[in-house]
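Structure, as structure tokens:
The values are calculated or read from the model by the stated rules, or taken from the named source; none is laboratory data. Just so we're clear, the structure is a prediction, and the values are computed from it rather than from any experiment. A quick note on method: Cβ atoms are made from the backbone with ideal geometry, for glycine too, and the neighbour counts reach across all protein chains shown.
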Amino acid sequence: MGKSQAVKYAYIVARVRGMKGKLIPKEMYPKFLNMDIPEITRFIGESEYKKDVDELGKKYKGTDLFEHALNQNLALTYRKLIEVSQDEANYIITEYLRYWDIWNIKTILRGKFSGASDDDILEDVVSAGQLRYRDLLEIIKIGTIEGVIAALSKTPYYPALSGYKGVLADIENNLDKMYYGSLIKAGESSQDQFFLKFLRTEIDLKNLKILFRMKRAGMEREEIIKLLIPGGIEFNETQLGKLASLPFPEFVRALEEFSYWKVIADISGELTSLINIETRLDKYGLLNITRISYYYPLSILPVLDYIVSKKMEVDNLRIIVRGKETKLPEEIIKAHLVM
Amino acid sequence: MVDPSVLDPSMVAANAKGMIAIGAGIAVGLCGIGAGMGEQAIGAAAVGAMAEDEKFFGKGLLMTVIPESIAIFGLVVALILLFVF
């Protein structure tokens, strides 16, 4: 007798619900804003991050310790999800977490391009994908971009990297398109409609952010189209092409036709900074996955909800600590938080 | 011509008893399968929750045995069949 949908997801969903209960509650973030960095580090050191803070405490200090502990915890948490899941859930989680491989490759290439030190690059590496930390350490030691690309020749990401001709943006676009393309294929092959719906919404939100940034920067239509990722739920390629060709004010007005308008409608008049828009879109993405994960509790959605929520937690903590370190006003830090 | 053994009252009573026993067996068996199907998802979820938090053991155990009531219903029906009829 084959396993039913409920049985397939019961174990992993119960586990991620348990793990989600251990995330820092959103009421804590305003309190963090009133704390100093040592206080926040102490709080974090007594929470779920204790093991990581203790382990890395000998090697790093201050905000570096914080950064490394967050990254290590994020990587281990995601790796745990891969280890405790089975069959279809395992396949989807593994494919989805390849995001961090793409992230690491981009981080290393950008670091090498800008001449950053190995330690600085390592600070932003999160080994939550299929590339192991030890392999990433070796790759970081390579001095040139070409060398890094050659070291990745046996990975599935090589086809996106092999066309490097001195422009990093091109291979970064290739990587993004390859990642989302293979995710859509994974969703279609597993016939998981919930996953596909979530993924297509994520692609829409990503495209929307790209459009806002590029339109603000006054980029040409052709340049913008190259960056957009096909496969969204509301924005098809024709609509993306149309939006990319409009000037900024008309582009904002054209968004009224789409469901995402309600997310940004009240701040559409004050677009001096895109921070608010991006935070709103991130928040919408988080609320959307949390909401639909309650509609379909025995599916992959609660797992994806946890993955997104955990990333937001780490991002929020990093924003607070980095913001406090650079003495940014509280309002600006608050504007960046997704909660 | 009718086979005289079919109309033998002792044979008829034995057949009826056999049918009741089969009925009781089916009641317990099907209820057991039903309870098992209900328990598999709950059991998996309970183990998952316990892996994250040991305090869930009591609640998890309780949740897991709730579908067991179906098996008890089957047992009751079987006992009624066996001892009332």
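Determine whether residue B:35 is under 30 Å from residue A:7 (Cα atoms) and modelled with pLDDT of 90 or more.
When the stated conditions are applied, residue B:35 passes them.
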(message) As an exercise: evaluate residue A:242 against (1) touching a Leu at 6+ places or on another chain (Cβ under 9 Å); (2) at pLDDT below 85 and give the number of the one condition it does not meet.
(response) (1)
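So that you can scan it fast, the table gives a plain yes or no per residue for (1) within 22 Å of the chain's Cα centre (by Cα); (2) more than 21 Å from residue A:327 (Cα to Cα); (3) not basic (Lys, Arg):
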residue: A:14; (1), (2), (3): no, yes, yes
residue: A:21; (1), (2), (3): yes, yes, yes
residue: A:37; (1), (2), (3): no, no, yes
residue: A:50; (1), (2), (3): no, yes, no
residue: A:56; (1), (2), (3): no, yes, yes
residue: A:65; (1), (2), (3): yes, no, yes
residue: A:73; (1), (2), (3): yes, yes, yes
(message) Can you confirm whether residue B:60 is part of a helix (DSSP H, G or I), more than 11 Å from chain A (Cβ to nearest Cβ) and within 30 Å of residue A:298 (Cβ to Cβ)?
(response) no
(request) With the condition kept exactly as written, say whether any residue in segment B:35-50 is part of a helix (DSSP H, G or I), over 30 Å from residue A:22 (Cα atoms) and within 14 Å of another protein chain (Cβ to nearest Cβ). (result) yes
(request) Could you tell me whether segment A:90-106 includes any residue that is more than 29 Å from residue A:207 (Cα to Cα) and free of Cβ contacts under 8 Å to residues at least 40 places away in the same chain? (result) no
(request) Test residue A:235 against the criterion of being in contact with a helix residue (DSSP H, G or I) (Cβ under 6 Å, 6 or more places away or on another chain), in contact (Cβ under 8 Å) with a residue 40 or more places away in the chain and crowded, with 20+ Cβ neighbours inside 10 Å, and give yes or no. (result) no
(request) Determine which single condition residue A:201 fails, assuming it passes every other condition in (1) assigned by TED's automatic domain parsing to the domain that holds residue A:110; (2) part of a helix (DSSP H, G or I); (3) closer than 30 Å to residue A:300 by Cα. (result) (1)
(message) Take the residues in segment A:273-291 that are hydrophobic (A, V, I, L, M, F, W, C) and surrounded by 19 or more Cβ atoms within 10 Å (Cβ to Cβ); name whichever of them is farthest from residue A:252 (Cα to Cα).
(response) A:289
(message) With the structure loaded, tell me whether residue B:70 is surrounded by 14 or more Cβ atoms within 10 Å (Cβ to Cβ), under 23 Å from residue B:85 (Cβ atoms) and in contact (Cβ under 8 Å) with a residue 60 or more places away in the chain or whether it fails that test.
(response) no
